[in-house]
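K.L.:
The structure's right below; bear with me while I get my questions together.
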């Protein structure tokens with residue numbers, strides 16, 4: 001009997017030690033991968049709560065010449081503009097005439113979906129103002145973990161990502177979360193806090209084009225998604241580039 005009691009005590013003590021070790025590890029991991037959002041981070045995630053939509057039906061416009069940038073084509077409404085730069089990675093047109101100043105820039109980058117999936121040491125992205133190359137966030141998980149996160153949440157492109165942000169915001173982990181989930185949630189939160197610009201208005205493009213529009217002051221950035229690239233059409237001076245003109249340009253878009 002005494003031997004059996006002693007054996008049970010050893011087993012219970014061993015289980016207790018194992019339980020404490022597991023709990024200690026989970027507490028450490030939870031703390032290590034805890035995301036502490038700043039006020040700017042909260043603005044970035046909250047901007048997607050009230051999404052607008054814009055339906056685009058594309059059609060070849062035979063009354064205009066077309067501009068081509070890499071694989072995207074759209075009507076040339078820039079006859080009065082000066083071509084400032086036409087070299088990879090972007091093309092820039094500038095208008096300075098009759099006291100009117102306006103700028104149009106077209107460039108292309110890897111989509112956020114692709115950056116999140118495959119980035120290792122560096123991320124290159126456009127933040128609505130500048131092209132930025134930065135190191136990937138500390139404690140960034142492996143590609144497999146990040147790709148599994150996207151697949152698990154049915155995130156196939158940047159529009160899906162925006163809709164996921166709208167529904168879920170900043171992801172939080174707890175003691176019942178798996179270690180993998182803690183790492184994935186941290187990578188998602190940190191990545192988006194680094195790459196996403198803060199916009200006053202976000203519009204999802206539906207219909208024949210897939211993408212979204214960010215309005216930032218007197219500037220709109222139209223992001224058209226195709227083959228894991230985002231084609232960025234940037235319009236400076238929204239009095240000149242009003243909603244009707246931007247929509248007319250988008251309705252003319254074709255791809256090679």
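All of the numbers you see were taken from the coordinates with simple rules; none came from a lab. The structure presented is a predicted model; accordingly, all values stated were derived computationally and were not measured. Note that each Cβ is placed from the backbone with ideal geometry, even for glycine, and that neighbours are counted across all protein chains shown.
K.L.:
Mind listing the Cα extents of the chain along all three principal axes, in Å, largest one first?
P.N.:
100, 32, 32
K.L.:
When you have a sec, figure out the Kirkwood radius of the stretch 20-106 from all distinct Cα pair distances and drop it here in Å to one decimal? Write down the numbers at each step before the final one.
P.N.:
Values: mean 1/r = 0.0539 Å⁻¹.
Evaluated over the stretch 20-106, this radius sits at 18.6 Å.
K.L.:
At 222 nm, what value in deg cm²/dmol follows for the chain if DSSP H runs of at least 4 each add -39500 (n - 2.57) and the sum is divided by all its residues, to the nearest 500?
P.N.:
Numbers: 7 runs with 93 residues, N = 256.
Result for the chain, helices only: -11500 deg cm²/dmol.
K.L.:
Sorted by mean Cβ packing within 10 Å, highest first, what order do the peptides 77-85, 163-171 take?
P.N.:
Working: 77-85: 12.7, 163-171: 16.7.
Ranking, from highest mean packing down: 163-171, 77-85.
K.L.:
Could you list 190, 182 so that the one with the fewest beta carbons within 10 Å of its beta carbon is first and the one with the most is last?
P.N.:
Working: 190 19, 182 24.
By the 10 Å Cβ count, ascending, the order reads 190, 182.
K.L.:
Averaging over all projection directions, find the projected area of the Cα convex hull of the stretch 172-235 and quote it in nm² with one decimal place. The partial results should precede the final answer.
P.N.:
Numbers: hull surface 24.8 nm².
Result: 6.2 nm².
K.L.:
Going by how many other Cβ atoms sit within 10 Å of their own, how do 21, 111 line up, fewest first?
P.N.:
On the way: 21 10, 111 23.
Arranged by neighbour count, lowest to highest, 21, 111 become 21, 111.
K.L.:
Now, a different point. Could you please tell me the mean projected area of the C-alpha convex hull for the stretch 134-256, averaged over all directions and given in square nanometres to one decimal?
P.N.:
Seen from a random direction, the Cα hull of the stretch 134-256 projects 9.4 nm² on average.
K.L.:
While we're looking at this one, here's another question. Percent relative contact order of the chain, based on C-alpha pairs within less than 8 angstrom and at least six residues apart?
P.N.:
Details: 388 pairs, mean separation 72.6, N = 256.
That works out to 28 percent.
K.L.:
Let's test the formula: R0 of 51 Å, r as the Cβ-Cβ distance of residue 68 and residue 27. What FRET efficiency results, to the nearest 0.05?
P.N.:
Working: r = 56 Å, r/R0 = 1.11.
With R0 = 51 Å, the Cβ-Cβ based efficiency is 0.35.
K.L.:
Separate question: Among 188, 240, what is the fewest-to-most ranking by other Cβ atoms within 10 Å? Each step should come with its number before you reach the end.
P.N.:
Details: 188 24, 240 15.
Going from least to most buried by this count: 240, 188.
K.L.:
Between helix 179-195 and the chain, what is the angle of the helix's C-alpha long axis to the longest principal axis, kept within 0 to 90° and rounded to the nearest 10?
P.N.:
30 degrees
K.L.:
Using 0.36 nm per residue of separation minus the Cα-Cα distance, give me the extension gain between residue 237 and residue 218 in nm, one decimal. Mind dumping the intermediate values first?
P.N.:
Details: separation 19, 0.36 × 19 = 6.84 nm, distance 0.54 nm.
Full extension from residue 237 to residue 218 adds 6.3 nm.
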